[in-house]
Amino acid sequence: MKTGAEVLVESFLAHRIHRLFVYPGGTIAPIFDAAQAVGIELVTARHEQGAGYMALAAARLQGQVQVAMVTSGPGVTNVVTPVADAWFDSIPLVLITGQVGTADLRGGRPIRQRGFQEVDACALLQPLTKARFQPQRPDELPAVFAAAARIALEGRPGPVLIDLPMNVQRGACSATPTIRVEARAEPATPDETVISRMAVRLAEASRPVILAGNGVRLAGAAAIGSLRRLARMGGIPVTQSLPALGVFPTADPLALGFHGHTGNQTAGLALHHADCILACGTRLDVRQTGSLPERFAPDATILRIELDPAELEHARVRSELTLQADVGPALAALVTQLELRPQADRAHWHARIRGWQHKHPLSWPHGELLAPQQVIATANRLSSGEGTGPVIAVSGVGSHQQWAARHFDFDAPDRVWLSSCGHGAMGYDLPVAAGAQIAVPDARVLCFVGDGSLQMNLQELGLIAERRLPVKIIVLDNHRLGIVSQFQKYNWSTDPTCGDKWNPDFAAIARAYGIDAWTVSAEHELEDRLAVALAVDGPALVHCLIDPAADVSPMLLAGQTLDGMWSCC
């Protein structure tokens, strides 16, 4: 008879899961032994947060459930941050946490802890997961895992927890793996009446904008294709939310970049002056609309397509016409309807947008100090063109995230963007880049990371070096926690916790791990060093000492509408 751990591992294989992202510990060890015995790959991070983020990256890129596994107690508490990222950015992740035996669980007793390293994982992660399971018998495991995998994928994807007591892993089990069932059923046909009304509004609009959100990416390649066809057929400009960058090519003449708090000024102006906005798969959160939602797009008829009914019920922004539906079939139906209708003349609208683009270019100062925008733009150019293969650009949160989003070109699936958007977590960059490279070995993975963010998960250089993952790490070092420093200075004139930070020699640290590394402090050195790093057959790090006074500008501040972004320059 098999153990619970062995039957769970068979369930992994039944669900085509051949790789686990893990950090070891006593209460999860039985599964590692069983997984190794059947040839499942164990990717051992240097920290539980790293394991969670690597699994998140693979799930995001492959559109399939991935499994992260950590031990009880501190293992659970250390993995909360990537689970939150998966929750807010809708990524299908199954987290399996080790747990003390069922006899040692605190249960309802009025004590703090009964078993060593016992943490109530289900209660802790309740707000951040779609479902939580704590099986009490080994025979429950196949059905529990099948349910977890299905729930993680269905509808709006997200993380699911299986909290696994030690005796359930080690106990005898007679159950067999549940046959894999695809989570995504055929989506319901969108309401044709609503689609027709949306088509009429779009066709008649003289100043339309498509606002594409993360839901378009989640809906898959067909949805992305429909979005592009819709925009080009009607000559409709497209702006994208931060996590959606790449669902429409950012170098396309109709592309406005991303909009909102630190977005492209032209995108903000176009939204503010539009007469019709088609919002697809987006929450329209405060970072997109600004802090005055009642003044968002004041002259526009807002048409909204959204899968999650709760987002429509609790919307911050008014909508004249809403459709609760999967974005993919809804966009396809809308394309069909619009093909039957003449489109309004939009030449004047296009000319107006070109005027804004000329007035508000994405530029930067050239001088003795290295501009961060120049670093991003140079990396973008060197990684573009024929023969470069797929490119995955990764960034955490901070000034480097905004510069990368502004100055790097994205075009899914060839040039993909991974970033911590809803949760906005520092430390995301390096482990996600490692997970991305493991998930897509042939891709060129560029990790844009700030000096502050890098030091939160610096230890994952160990995994990158151990596996010789050819991640190219580009450190933007301004000796400050830039975007928060900027916020502090604007509001209080000082940045006592964020400015003038002492940093180590990151290139020397990389070399200590056996990773090729260089330091750049001037523009004339930049291209050669980046080109050499990109050509290295293995990991490489370029430590860029950028202008410490460089700020993210322009920026949408509290109390401003999208047409009034404040510029510090």
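Against the test of being modelled with pLDDT of 95 or more and either in a loop (DSSP other than H, G, I, E, B) or surrounded by fewer than 17 Cβ atoms within 10 Å (Cβ to Cβ) (or both), the options A332, A351 yield a single qualifying residue, A351. For region 97-120, the criterion of a residue being within 22 Å of the chain's Cα centre (by Cα) and over 25 Å from A412 (Cβ atoms) is satisfied by no position. Acidic (D, E), buried (at least 17 other Cβ atoms within 10 Å of the Cβ), farther than 22 Å from H47 by Cβ and touching a residue at least 40 places away in the same chain (Cβ under 8 Å), is that true of D551? Yes, satisfied. In the set H423, H400, only one residue is assigned to a loop (DSSP other than H, G, I, E, B), over 16 Å from V471 (Cα atoms) and either of a type in the set (S, T, N, Q) or not assigned by TED's automatic domain parsing to the domain that holds G213 (or both); that residue is H423. Do we find that W492 is free of Cβ contacts under 8 Å to residues at least 12 places away in the same chain, aromatic (F, W, Y) and either surrounded by fewer than 16 Cβ atoms within 10 Å (Cβ to Cβ) or within 25 Å of V391 (Cβ to Cβ) (or both) in this structure? Criteria met by W492. So which residues in region 260-280 are part of a loop (DSSP other than H, G, I, E, B), modelled with pLDDT of 95 or more and either among the β-branched types (V, I, T) or surrounded by 22 or more Cβ atoms within 10 Å (Cβ to Cβ) (or both), if there are any at all? Passing the criteria: only A274. For G257, the requirement of being assigned by TED's automatic domain parsing to the domain that holds H348, part of a loop (DSSP other than H, G, I, E, B), under 21 Å from D409 (Cβ atoms) and in contact (Cβ under 8 Å) with a residue 60 or more places away in the chain is not met. Contact annotation: residue pairs with Cβ atoms under 8 Å, 6 or more positions apart or on different chains, pairing a residue in region 365-378 that is within 12 Å of R406 (Cα to Cα) with a partner that is of a type in the set (D, E, K, R) and surrounded by fewer than 21 Cβ atoms within 10 Å (Cβ to Cβ), are P372/D547; Q373/R406; Q374/E523; I376/R406. Within region 310-324, being touching a strand residue (DSSP E or B) at 6+ places or on another chain (Cβ under 8 Å) and either of a type outside the set (A, V, I, L, M, F, W, C) or at positive phi (or both) holds for R318, S319, E320, T322, Q324. Report yes if G499 is of a type outside the set (D, E) and on the phi > 0 side of the Ramachandran plot, otherwise no. Answer is no for this residue. Scoring R197 on the criteria (1) out of contact with any Asp or Glu (no Cβ under 7 Å at 6 or more places or on another chain); (2) over 29 Å from A300 (Cβ atoms) leaves a single failure, condition (2). The criterion of at least 3 residues that are surrounded by fewer than 22 Cβ atoms within 10 Å (Cβ to Cβ), at pLDDT 95 or above and out of contact with any Cys (no Cβ under 6 Å at 6 or more places or on another chain) is met, among helices (runs of 4 or more DSSP H) falling completely within region 188-245, by 192-204, 221-234. Scan region 1-25 residue by residue and report those that are in a loop (DSSP other than H, G, I, E, B) and either among the hydrophobic types (A, V, I, L, M, F, W, C) or in contact with a strand residue (DSSP E or B) (Cβ under 8 Å, 6 or more places away or on another chain) (or both). Within region 1-25, M1, I17, H18, Y23, P24, G25 qualify. Among the conditions (1) part of a helix (DSSP H, G or I); (2) under 18 Å from V445 (Cα atoms), T388 misses just one, which is (1). R406 meets the stated requirement of being over 17 Å from C447 (Cβ atoms) and either aliphatic (A, V, I, L, M) or within 22 Å of the chain's Cα centre (by Cα) (or both). Of all the criteria given as (1) under 29 Å from A443 (Cβ atoms); (2) acidic (D, E); (3) crowded, with 17+ Cβ neighbours inside 10 Å, the one not satisfied by E525 is (3). In region 79-122, the residue that is surrounded by the most Cβ atoms within 10 Å (Cβ to Cβ) out of those that are of a type in the set (G, A, S) and under 29 Å from R19 (Cβ atoms) is A86.
Residues of region 528-548 that are of a type outside the set (V, I, T), in a strand (DSSP E or B) and surrounded by 22 or more Cβ atoms within 10 Å (Cβ to Cβ): A540, L541, H543, C544.
Just to verify a result, which residue in region 289-302, among those that are out of contact with any Asp or Glu (no Cβ under 7 Å at 6 or more places or on another chain) and under 13 Å from A315 (Cα atoms), is surrounded by the most Cβ atoms within 10 Å (Cβ to Cβ)? Among those residues, the one meeting the criterion is T289.
Residues R352, R316: which one is more than 30 Å from the chain's Cα centre (by Cα) and in the same structural domain as G220 (by TED's automatic domain parsing)? Selected residue: R352, the only one of R352, R316 that is more than 30 Å from the chain's Cα centre (by Cα) and in the same structural domain as G220 (by TED's automatic domain parsing).
Restricting the search to region 417-443, which residues are of a type outside the set (S, T, N, Q), closer than 18 Å to G389 by Cβ and without any contact (Cβ under 8 Å) to a residue 60 or more places away in the chain? Matches in region 417-443: P441, D442, A443. Restricted to region 26-144, the set of strands (runs of 3 or more DSSP E) holding at least 3 residues that are within 24 Å of E6 (Cβ to Cβ) and assigned by TED's automatic domain parsing to the domain that holds L242 is empty. Identify, by number, the condition in (1) surrounded by fewer than 17 Cβ atoms within 10 Å (Cβ to Cβ); (2) touching a Ser or Thr at 6+ places or on another chain (Cβ under 6 Å); (3) in a helix (DSSP H, G or I) that A507 doesn't meet. Of (1) surrounded by fewer than 17 Cβ atoms within 10 Å (Cβ to Cβ); (2) touching a Ser or Thr at 6+ places or on another chain (Cβ under 6 Å); (3) in a helix (DSSP H, G or I), only one is false for A507: (1). Criterion applied to D442, D429 was being farther than 29 Å from A549 by Cα, among the charged types (D, E, K, R) and at pLDDT 95 or above, and the one residue passing it is D442.
The values are calculated or read from the model by the stated rules, or taken from the named source; none is laboratory data. Everything numeric in this text was worked out from a predicted model, so none of it was measured. Here Cβ is always computed from backbone atoms with ideal geometry, including for glycine, and neighbour counts include all displayed protein chains.
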